[in-house]
Structures are given as structure tokens and as C-alpha cells.
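The values are calculated or read from the model by the stated rules, or taken from the named source; none is laboratory data. Here the structure is a predicted model, which means the values were calculated and not measured. Heads up: the accessible areas ignore ligands, DNA and RNA and are worked out on the full protein's heavy atoms, side chains in. Shrake-Rupley method; radii C 1.70, N 1.55, O 1.52, S 1.80 Å.
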Amino acid sequence: MARFIELTAVDKTGTKITFNIEHIVSYTPEGFTGTCRIMVPGVIIEVQESYDVVKKLICPPNLYAN
């Protein structure tokens, strides 16, 4: 079953974008602005949420708890 997360693009209007986490290739922190870059096949999108927030959305700590 697909899981989706909603993030906010770094643009003038703060566009909301929903990502299927199965399509995310990688995510990296943008150190100077506190934002995060999401890579999906063919494009990199900068989002307003921090790396730590994105990491918790993609892989919540309790997701794999016994």
C-alpha cells in the first residue's frame, strides 16, 4: 500500500505537494536555509520542512517498533 506525505514547496505561494514515498530517491538537508531537497526521478524539489521533519515523515520511529 502506497504511503504519501505532504510537504510545502519553496516558492512564492508555498505550494503543497504530495509525495509517494516509494518514489523518493533521496532527501538531503539544505544547510544554509534549514530546508530540505527531495529527489524523485528526473527532478529535485526544495521544500520548506527541515531534513529532520522529512525524515520522521518518511520513516517514523515507531513504524518498525516491535
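Considering the conditions (1) open to solvent by 70 Å² or more (accessible area, probe 1.4 Å); (2) under 10 Å from the mean Cα position of the chain (by Cα); (3) among the aliphatic types (A, V, I, L, M), Ile21 is excluded by exactly one of them, (1).
Filtering the stretch 47-65 to residues that are open to solvent by 60 Å² or more (accessible area, probe 1.4 Å) and of a type in the set (Asp, Glu) leaves only Asp52.
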